[in-house]
Each structure stands twice: as C-alpha cells, then as structure tokens.
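Data block below; observations after.
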C-alpha cells in the first residue's frame, strides 16, 4: 500500500512519525463522513465500516514501522456531529493511533459546528477538540483561531488539550514559536484572509506592514530636521521608536550626492544607516 510505503520512507529518513490527514474533506475524511461515503461494502454504512479504511492502514503501518513510530490522525469534530466524532476518536484509539489532531471535517451546513458553551473563549473547532480529549487516553492537539501564546498556553495549562497547533500565525510570523519561548513579542495574525493560506501568491498584510517599518525610506533635504524610525525588533520590527536628526554632510548622512540635495535613507534593524542613494 502506497500510504504504508510512504510512512516507511519517512521513518528511514529519520522522522519520528507521521500524521494522516483525515480532515478538511481529504480522502480519509470522505470515508468517515456519511454525507460522502455511500459505499455498500465493508468500507461504508456503519461507523465501524467507515473508519475501517484508516484502521486497516494503521494496522499495516504498525507492522511495518514498529511500535515506536508515532502514528497520528487529523480528524474533524463534526463528522457529522461532535457525538459521532467522539466515537470515531475512540475507534481510532482502539485501532492503535498515538495522537489525534482535531480540526474541521467537511464544512458543516451554514458554517455551524458544535454549540460552544457560554464562557468558553474559543471557537467551536477548539471546543470540539477539548471534548474529544475528555473521551480518549491518547494526546490531543487542538487548532483553529489560536493566535497568541497566551491562548495556546491556557489550553494546555488548564488540561483542555495536550498540544496546540498554530497555522496562519506562522505565516504572519515564522519565528512565532521561538519568540514565544524567549518571551518576545510576535507579529499577530489578524485573520485578514490575504495570506497564502487562502490561495497561492497571497501576502500577509501584517508581514508587509512590518517590512515597510523595517525598510522604511524617505527623501530629505540637506539641513532638514527629520524623525527617523529606529527598529528594535527584527526581522520584521514590531517595536520601533523615533530618532530626531539633522540631515547634513557630517551628521546622519555620511555620503552625499553633489548633484542632488535629496537622499533616500535606509535603516538597519538597530536603527543605523545602511545605505544612501
């Protein structure tokens, strides 16, 4: 089976494990879903049959990769509802799964998922993951709309999840995890829906704004009193302050073009002048 062979290649390459993508409408998700799976053989009909496809893959993979290789599965919490998804999670646990990553299955009608109780400060996808965790003994990852280190930490510290997954936050700031670990401010995802998550060629508005702060340029006249941006946090420069300076031949500008009295000033991450045109 190609999936088992792929897992074996991953193991030989030195990876600790793999994760099936059984959410977001992909193949395994289609087997789970009674809305899509209309088969009349042993892989359709009852819930046990709909989960059989991935259960058999897990069994074959375990024989091939051994017990120390991690096998995880991403799944929806709405297949077609939370109650059924909890049953799917239990069957996966019995089948030998090591890790569950709970997200969205097929898009629910009108975008509605499990009802979130009052006082739960996350969306229905996260709520579904926390409910599944209550019903299984394997680690559970929750995801969706978790944008700040504080939100992620709360879920783990309160025992609502074993891990939190960050997606679009890493597009806004690839150093999200490192900055969080070192207690540095991150560039926040603002859910602008312009990034690559929503299509090829997408651009994160937060990153572009931060880059403009880092690479800020302006034209000044000699002798002009100006305010120059000093960037304190690289690579993108969320924190910045202003320096007062006078543009002249011996001050901020170290070189000048005799043919023009206007210059473009570019600043390094520490606020120092790095180029002049």
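The values are calculated or read from the model by the stated rules, or taken from the named source; none is laboratory data. Model, not experiment: these values are computed from the prediction. Quick reminder, even Gly has a Cβ in these numbers, built from the backbone with ideal geometry, and neighbours come from all protein chains shown.
Of note:
- Checked against the criterion of being more than 20 Å from the chain's Cα centre (by Cα) and assigned by TED's automatic domain parsing to the domain that holds residue 49, the candidates 152, 161, 115 yield just one match: 115.
- Test result for residue 45, surrounded by 14 or more Cβ atoms within 10 Å (Cβ to Cβ) and under 19 Å from residue 90 (Cα atoms): yes
- Contact annotation: no residue pair with Cβ atoms under 6 Å, 6 or more positions apart or on different chains, pairs a residue in region 13-35 that is outside the structural domain of residue 74 (by TED's automatic domain parsing) with a partner that is surrounded by 13 or more Cβ atoms within 10 Å (Cβ to Cβ) and assigned to a loop (DSSP other than H, G, I, E, B).
- Residue tally, condition within 16 Å of residue 154 (Cβ to Cβ) and assigned to a loop (DSSP other than H, G, I, E, B), over region 118-137: 5
- Considering only residues in region 63-79 that are touching a strand residue (DSSP E or B) at 6+ places or on another chain (Cβ under 7 Å) and either not in a loop (DSSP other than H, G, I, E, B) or not assigned by TED's automatic domain parsing to the domain that holds residue 18 (or both), the one that is surrounded by the fewest Cβ atoms within 10 Å (Cβ to Cβ) turns out to be 70.
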